[in-house]
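Visitor: Please find one structure pasted underneath; my questions will follow.
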Amino acid sequence: MAIQLPNPIDAPRVNGHAKSRPGVAELDPSRLNVTVTQSPKSIPPVETLKFGQTMTDHMLIASYDPEHGWSDPEIKPYGPICLDPASSCFQYSTNVFEGMKAYVGPDGEVRLFRPDLNMARMRRSAGRVALPPFDTDALLTLIQRLVQLESRWIPNIQGYSLYLRPTIIGTRPNLGVTASDHALLYVICSPAGPYFGAGSARQISLLANVDVVRSWPGGTGGYKLALNYAPTLKPQQSAELQGYNQVLWLLDGKVTEAGAMNFFAVVKQDENNWDVITPPLDGTILPGVTRDSCIALSAAHPSRTTLPHLPETLHLHAHERTLTMSDLKQWHAEGRLLEAFTVGTAVVVTGVGRIGYDRTDIVLPEHACGRGPVARALYERIVEIQEGKFEWEGWSVVCKTANA
Ligand SMILES: *Cc1c(COP(=O)(O)O)cnc(C)c1O
């Protein structure tokens, strides 16, 4: 069953972005075709969900070619795609992705968290590997349609959500190292529980890697490109063999990120003044949506809002500044390193229990709930915003229904 869903709210918008190419079609939600599956899957019990292992019934897909521009977008049953073996994505890694989530709150509404930031980042990532641009408002509207259609897959349990993986791949079907003028954009969905396992009230361990770097000045670490992740898989395996959960990535002794998450340290000035520090966006750091949210919420406590369980007498000072392993070691020795935590869409905020470096471990205070006070406050507040229980600066966006 293919149905065309015309909709006034989807009238093509000029959102201030450069057009794909003069004369070719833009990505256009008003031209969406929806084919609903005839054999809906049964939803597995939430306790059995492992990150990224279960896919929903449908996917969103659109293709780009230089002659026509973007095809009419389609939502259709989830399934394999067929590609020429010479495709640019296989040969030259012209692959871009995003990670975002849809949440259901107690009011039953489906929400996305700051999705405009994901759309803008995806457009920048695509541009970095010379893939065609797309209208970010159009893609967001299409994603909302997909999420509405898949809403039965979103577990209505705190901490559970529907993980969305928007992807663009280069499909130019010729060899030769050159920009891919053909592309395929698709979005798949996977119901997700707590990333490090249900009831993950444990702090993770990090192994600082002094031999391998994830990113470098002038490199691509600041973009969500698939090519950034393949080289991290072996060091990740090696960290696990040594008994650590994730790699702490360094560059010349400076902390950059942990695994595929941004890194924060909490350092005490005195009882009432704590610094919340994360490395600056110098091109080696992925500009995380969760990172930005943690900086903003920390900076707002207590002057503009108070975070859960933190006293109003405590002032958090958010800083984007260089953070070295020597800094961490020194603060730890002085008893001022209160917490370290890692952040990202998949994990939200996870506490760090120890950091292996130079054959010893920096051991951080243990917390029964798995997070130190700042990590816990940020985690709880962000989840409240995501589930629509706490309103903050329009971060939580209700998905428009198809007939709104
Ligand atoms: C995706 C990602 C993050 C987290 O970004 P969010 O937008 O918060 O999900 C951090 N670091 C790396 C390397 C990433 O790929």
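Visitor: With respect to Gly218, determine if the residue is on the phi > 0 side of the Ramachandran plot, more than 16 Å from the ligand (Cβ to nearest atom) and surrounded by fewer than 17 Cβ atoms within 10 Å (Cβ to Cβ). Talk me through it step by step, then tell me what you get.
Guide: Numbers: on the phi > 0 side of the Ramachandran plot: yes; more than 16 Å from the ligand (Cβ to nearest atom): yes; surrounded by fewer than 17 Cβ atoms within 10 Å (Cβ to Cβ): yes.
Judged against the criteria, Gly218 is a match.
Visitor: Residues in the range 320-339 that are farther than 22 Å from Asp292 by Cα and either in a helix (DSSP H, G or I) or among the acidic types (Asp, Glu) (or both): how many? Spell out how you get there, then give the answer.
Guide: Just the residues of the range 320-339 that are farther than 22 Å from Asp292 by Cα, to begin with: 325-327, 329-336.
From what is left, the residues that are either in a helix (DSSP H, G or I) or among the acidic types (Asp, Glu) (or both) are 325-327, 329-334.
Total meeting the criteria: 9.
Visitor: Taking into account only those residues within the range 340-359 that are among the β-branched types (Val, Ile, Thr) and not in a loop (DSSP other than H, G, I, E, B), which is farthest from the ligand (Cβ to nearest atom)?
Guide: Ile355
Visitor: From the set of residues in the range 240-255 that are free of Cβ contacts under 8 Å to residues at least 60 places away in the same chain and buried (at least 22 other Cβ atoms within 10 Å of the Cβ), which is nearest to the ligand (Cβ to nearest atom)?
Guide: Restricting attention to the range 240-255, the residues satisfying the condition of being free of Cβ contacts under 8 Å to residues at least 60 places away in the same chain are 240-241, 243, 245, 247, 249, 251-252.
Checking the rest, the ones that are also buried (at least 22 other Cβ atoms within 10 Å of the Cβ) come to 247, 249.
Details: Val247: 11, Trp249: 8 Å.
Only one residue fits best here, namely Trp249.
Visitor: Right, something else. Are there any pairs with C-beta distances below 7 angstrom linking a residue in the range 319-335 that is within 19 Å of Thr284 (Cα to Cα) to a residue that is among the basic types (Lys, Arg), with the two at least 6 apart or on different chains, and if so which?
Guide: Thr322/Lys254; Leu323/Lys254; Thr324/Lys254
Visitor: Taking into account only those residues within the range 235-262 that are small (Gly, Ala, Ser) and over 23 Å from the mean Cα position of the chain (by Cα), which is nearest to Arg359 (Cα to Cα)?
Guide: Once the filter is applied, the top-ranked residue is Gly243.
Visitor: Looking only at residues in the range 221-234 that are closer than 20 Å to Gly288 by Cβ and not aliphatic (A, V, I, L, M), which one is surrounded by the fewest Cβ atoms within 10 Å (Cβ to Cβ)?
Guide: Across the range 221-234, the extreme among qualifying residues is Pro231.
Visitor: Here's something else I'd like to know. Would you mind stating whether Val383 is touching a Leu at 6+ places or on another chain (Cβ under 8 Å), outside any loop (DSSP other than H, G, I, E, B) and not acidic (Asp, Glu)?
Guide: Values: touching a Leu at 6+ places or on another chain (Cβ under 8 Å): no; outside any loop (DSSP other than H, G, I, E, B): yes; not acidic (Asp, Glu): yes.
Answer is no for this residue.
Visitor: Answer with yes or no whether Phe97 is over 16 Å from Pro173 (Cβ atoms), within 16 Å of the ligand (Cβ to nearest atom), in contact with a helix residue (DSSP H, G or I) (Cβ under 9 Å, 6 or more places away or on another chain) and of a type in the set (A, V, I, L, M, F, W, C).
Guide: yes
Visitor: May I pose another question? With respect to Thr278, determine if the residue is under 27 Å from Arg124 (Cα atoms), surrounded by 18 or more Cβ atoms within 10 Å (Cβ to Cβ) and in contact (Cβ under 8 Å) with a residue 12 or more places away in the chain.
Guide: yes
A short reminder: the numbers here are calculations on the coordinates, not readings from a lab. Please read these numbers as outputs of a predicted model, since none were measured by experiment. Neighbour counts are summed over all protein chains in view; Cβ atoms, including those assigned to glycine, are modelled from backbone coordinates with ideal geometry.
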